[in-house]
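The values are calculated or read from the model by the stated rules, or taken from the named source; none is laboratory data. The structure displayed is predicted, hence computed values, not measured ones. Glycine also receives a Cβ, built like all others from the backbone with ideal geometry; neighbour counts cover every protein chain displayed. Please note that ligands, DNA and RNA were not included when accessible areas were found on the heavy atoms of the full protein model with its side chains. Shrake-Rupley method; radii C 1.70, N 1.55, O 1.52, S 1.80 Å.
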Amino acid sequence: MSKQKQEELVAVIRKYLDQDPTISDPSKILVSAERRGGLFNKRTVLTLEGKAQNDAEARVIAEMVGAKVADEAEIENRLTAN
């Protein structure tokens with residue numbers, strides 16, 4: 001996945017989070033994407049960082065984002081509860 005595609009993916013996820021009424025405060029969630037891995041097994045990793053209202057919300061956000069990106073990226077959930 002090219003750098004431009006990564007940026008587009010982050011923008012789509014950011015918009016998705018901002019518009020989801022079930023997320024208590026989407027402004028506390030940071031989204032980033034980067035390529036990781038060896039020469040022949042590069043993969044895109046989408047990282048979620050910041051604060052969720054509780055552990056359950058953090059899990060739900062990661063699951064929803066994972067379903068949204070499907071096979072495009074792995075999800076690294078670094079969200080913590082308030």
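State yes or no: is I13 surrounded by 14 or more Cβ atoms within 10 Å (Cβ to Cβ), in contact with a strand residue (DSSP E or B) (Cβ under 8 Å, 6 or more places away or on another chain) and over 13 Å from E72 (Cα atoms)? I'd like the intermediate steps shown before the answer.
Numbers: surrounded by 14 or more Cβ atoms within 10 Å (Cβ to Cβ): yes; in contact with a strand residue (DSSP E or B) (Cβ under 8 Å, 6 or more places away or on another chain): yes; over 13 Å from E72 (Cα atoms): no.
Taking the combined requirement at face value, the residue does not satisfy it.
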Of the criteria (1) in contact with a strand residue (DSSP E or B) (Cβ under 6 Å, 6 or more places away or on another chain); (2) exposed (fewer than 15 other Cβ atoms within 10 Å of the Cβ); (3) free of Cβ contacts under 8 Å to residues at least 12 places away in the same chain, which one D18 fails:
(1)
Exclusive hit being free of Cβ contacts under 8 Å to residues at least 60 places away in the same chain and open to solvent by less than 30 Å² (accessible area, probe 1.4 Å), set E57, E49, E7:
E57
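So, T44, is that one exposed (fewer than 14 other Cβ atoms within 10 Å of the Cβ), part of a strand (DSSP E or B), polar (S, T, N, Q) and touching a strand residue (DSSP E or B) at 6+ places or on another chain (Cβ under 9 Å) or not?
Against the criterion (exposed (fewer than 14 other Cβ atoms within 10 Å of the Cβ), part of a strand (DSSP E or B), polar (S, T, N, Q) and touching a strand residue (DSSP E or B) at 6+ places or on another chain (Cβ under 9 Å)), T44 does not qualify.
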